[in-house]
1. Looking at (1) farther than 18 Å from B:Val241 by Cβ; (2) assigned to a helix (DSSP H, G or I), find the lone condition where B:Glu310 falls short.
2. Output the number of the condition that B:Ser279 fails; it satisfies all remaining conditions of (1) of a type in the set (Ser, Thr, Tyr); (2) touching a strand residue (DSSP E or B) at 6+ places or on another chain (Cβ under 7 Å); (3) away from every other protein chain (no Cβ under 14 Å).
3. Could you pull out the residue among B:Ile92, B:Ile77, B:Ile113, B:Ile96 that is more than 19 Å from the chain's Cα centre (by Cα), assigned to a helix (DSSP H, G or I), modelled with pLDDT of 90 or more and β-branched (Val, Ile, Thr)?
4. Checking A:Ala249 against (1) among the aliphatic types (A, V, I, L, M); (2) within 23 Å of B:Ser127 (Cα to Cα); (3) at pLDDT below 95; (4) touching a Gly at 6+ places or on another chain (Cβ under 6 Å), which single condition isn't satisfied?
5. Report, by residue number, each residue of segment B:212-252 that is buried (at least 20 other Cβ atoms within 10 Å of the Cβ) and acidic (Asp, Glu).
6. Taking segment C:21-46 on its own, how many of its residues are farther than 18 Å from C:Ala260 by Cβ and not in a loop (DSSP other than H, G, I, E, B)?
7. Looking only at residues that are in contact (Cβ under 8 Å) with a residue 60 or more places away in the chain and not in a helix (DSSP H, G or I) in segment C:47-74, which one is nearest to the chain's Cα centre (by Cα)?
8. Regarding segment A:265-276, can at least one residue be identified that is crowded, with 24+ Cβ neighbours inside 10 Å, within 27 Å of A:Gly111 (Cβ to Cβ) and within 14 Å of another protein chain (Cβ to nearest Cβ)?
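The values are calculated or read from the model by the stated rules, or taken from the named source; none is laboratory data. Computed from a predicted model, the values in this text were never measured in an experiment. Here Cβ is always computed from backbone atoms with ideal geometry, including for glycine, and neighbour counts include all displayed protein chains.
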Amino acid sequence: MNRLMSIFAAVMIVLSAVVRFGHVSQTLEFFVSAVAIIPLAAMMGQATESIAAHAGPRLGGLLSATFGNAVELIIGIFSLQQGLYSLVKASITGSIIGNLLFVLGLSFFIGGIRHPIQYFNLRVARSNASMLMLGVGIAFVVPTIFSMTSQSNRYTLSFGVAAVSLVIYILGLFFSLFTHREVFAYIEDASAEAEEHGEVKYRLWPAILLLLVATVLVSVESDWLVGNVKSIAQGLGWSEVFIGVVVVAVIGNAAEHASAVWMAWKNRMDLSLEIAVGSTLQVAMFIAPVLFFTSLVMGNPFQLVFSWPELVSMVAAVLLVVVLMLDGESNWLEGAMAVGAYLVLAVGFYTLQSA
Amino acid sequence: MNRLMSIFAAVMIVLSAVVRFGHVSQTLEFFVSAVAIIPLAAMMGQATESIAAHAGPRLGGLLSATFGNAVELIIGIFSLQQGLYSLVKASITGSIIGNLLFVLGLSFFIGGIRHPIQYFNLRVARSNASMLMLGVGIAFVVPTIFSMTSQSNRYTLSFGVAAVSLVIYILGLFFSLFTHREVFAYIEDASAEAEEHGEVKYRLWPAILLLLVATVLVSVESDWLVGNVKSIAQGLGWSEVFIGVVVVAVIGNAAEHASAVWMAWKNRMDLSLEIAVGSTLQVAMFIAPVLFFTSLVMGNPFQLVFSWPELVSMVAAVLLVVVLMLDGESNWLEGAMAVGAYLVLAVGFYTLQSA
Amino acid sequence: MNRLMSIFAAVMIVLSAVVRFGHVSQTLEFFVSAVAIIPLAAMMGQATESIAAHAGPRLGGLLSATFGNAVELIIGIFSLQQGLYSLVKASITGSIIGNLLFVLGLSFFIGGIRHPIQYFNLRVARSNASMLMLGVGIAFVVPTIFSMTSQSNRYTLSFGVAAVSLVIYILGLFFSLFTHREVFAYIEDASAEAEEHGEVKYRLWPAILLLLVATVLVSVESDWLVGNVKSIAQGLGWSEVFIGVVVVAVIGNAAEHASAVWMAWKNRMDLSLEIAVGSTLQVAMFIAPVLFFTSLVMGNPFQLVFSWPELVSMVAAVLLVVVLMLDGESNWLEGAMAVGAYLVLAVGFYTLQSA
């Protein structure tokens, strides 16, 4: 499995270099680098988890919570450099609705086919539900709505919101890793169990080396990917928003998607939720603020102001998932509902593209 | 009771024919056919339930879930024929807020006067809550919000949304009738009990005959009703939206309203919820998509795009009812809140009429 | 403590009279009267509670529920007299988000530092959650959204909404004081306990006298405060909305804030919630309707139509707090989330000010 992935990654990297330097086709270049990122992202994820396992539960949890979506961060920074602000916001949107509706929905559905009713930790689900309400339902809504009325001071608002989100995210880590660790203990147990079963792959130094190499390669591929977004948009008639919501969001998360569904199949719903909802919170309350501060440092700040379709999609996804999660149970129908909601939104963004 | 209703229906049908062919008054014609539909709708409901009881729990559940709101479907189709698109959408809106707030609220209130706290099945309530979030909170919101940005491709979006809603509705039936039947078992038990107490009225063939005759008569009356909407709108200064939200929505549901409240009075809250919330889901996820596909076949498609007041009313009603339901309990104050919310919305639609 | 507060109040009153009649500065006059109101509001609160304790649980509950936010009512009426409608609505907004997010959040946070998990009565929390959905999520949303479409008949809508809110609020009192008193019994118990510990301060007649005197003084100071809002707005570049949301909302509630947090510290979460959420409901469903009817009687009615930022802030605050409350538990992270949400909104209103 691991070897297969390494070979796949190597082939895709060579292929994308050939396509790029042979000036074959920009469309091809875009898709080849997109596909190349998928195994690289998976390897970064495995390396991060291995380092986290060696670092012990607390430092390890911190590592996962900050480097877990590094690919999205890298693609985001390259997009900022190219001034593709709507691509950045669209990929945040896509990541949030994709994780919440598609990944969680597929996990509930696939897990629910095998197990009639699946249970998960209610306290964690409730904590996550409240975080989603704050991190998306308030932190993304306020700048968008308030900037409709007032054009000035937008950066002040984005700055305040990004700072608050980041602080609460860090407090949330402190909560789950220190003051209320016992509530989240099952996740460590499950991770430890996974380790015993040989699911953690690397020793410390090889893992660090792998992380470094994979990060560099992802950066190169991201640069090529983002550099072709505009020509793709023109060539295929897709909008930046559609590319961000669907393409970019999928490639950064493909590996996580697979493991969330796999955990659900094995009836480990807490890990499944941790991946899907934890990823969402990380994008909303860590990646998005960090991208904002990065853009500030780069001297070309963007605002955390979303379009109506993006905002409504994210809020609707959050509200649906809050209702689905708050009972501490899932079944295949709940999964089907979430996937159905994702399809509705995907069709929506598809119809926007040709506008 | 039954005989009384038959006589009432017969009198109203004769009366409406006299008014129509005697060219007495269009206003009178509108109201007489509206009143005539009420006992006919009740008879269709009884016939459907009797057939369902004979067909066994699964096929029977399927029948109730598809024919239960046949009157709304018939009125909807006649409205489409006349091109009264805003009437169709207003009556969908009225049916949803009427069932969720007025019927459920009155059931909670009346039941709560007799029983301090009433309980209902939490799993069913949660499943219904999630379905409402998807079927109204996402499926109706997305086309409306996304079409604000882009004018093109609207039918694509309505098509996708209608298809997804319908598929999830059918999966929901499969869930409650097959894979998770035991969760919903109490409803069958209660129905069986009702049968023993002589509440099921007809044998199979008389029931089928009754259903056919009542359907034909409802169609005739619906044709007359809808044909006079425009002159009524002019004559009384009511808007199509107000007529749809209040008048059409009430006449299609009057019989169900009565039985939901009656069930609550007898402390059978699960049946009461089944009628009120089940009806809402049927209108949102079955009638609305079927009307959309019908309009497509008729070559004159309408979009599932609602006005802001309609959309906000439905979403607010769903959110309030989700909060009311998720505790698995009700009392008279919760009922008063829902009825109060309905009154606020009704006043709102009334003030729109003269605009 | 009490003596200290009386001396503080006396000093501030004298000071504000000197500033006013000495024509020192309008800015100073505004702030001095603002500060003077804080101890006076606290004294009115103590007097009301003492009278309530003497009046027995039912009449007492009624008294607290109607006079508990008398200061806000007084400031509101003086604002109406001056035609400062946006100040009135902004102070309603500020009072709601301040009580729900800042006061409740700080209570959860401070209480949670000492007690890992704190519990409160689930039935009361759910009842309050539903009331918030109705009193803010529907009663404030409908007039604002519906008036976007239709300009006429706005007062009809505000009238209907105010009447329904007031009736449901009164029914809610009837529910908690009469028909379902046992559900709320712990609050009485806790009050009785508080009384034993000497927390109730005055005998009946001194309390009534104190209430009268403090009310007159608050009225005088409110008149001076409100009279300087316009010059403050010009002088400091603050908007009426910012002054209402932040300044006016804080001074009317400072004493309550302190006692809610104090109760949380003592692990009496039910009393803490009662103060924070009870106050919110009182402002939304009692003060706001009474102010509307007062404006009607004064012949210069205002509408219950809010700006988008105000409306979205209140709805987002309600939804977050509903999710936080519905589990019947709190911890310091939940508190931090609510305070974080308040900060986001406060920054938002700050950026509006200079627009």
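1. (1)
2. Condition not satisfied by B:Ser279: (2).
3. Values: B:Ile92 fails: more than 19 Å from the chain's Cα centre (by Cα); B:Ile77 fails: more than 19 Å from the chain's Cα centre (by Cα); B:Ile96 fails: more than 19 Å from the chain's Cα centre (by Cα).
After ruling out the rest, the residue left standing is B:Ile113.
4. (2)
5. Result: B:Glu221, B:Glu240.
6. From segment C:21-46, those farther than 18 Å from C:Ala260 by Cβ are C:21-37, C:40; that's our starting set.
Then keep just the ones that are not in a loop (DSSP other than H, G, I, E, B); that gives C:21, C:26-37, C:40.
Summing the residues that are farther than 18 Å from C:Ala260 by Cβ and not in a loop (DSSP other than H, G, I, E, B) in segment C:21-46 gives 14.
7. Here the residue is C:Asn69.
8. no
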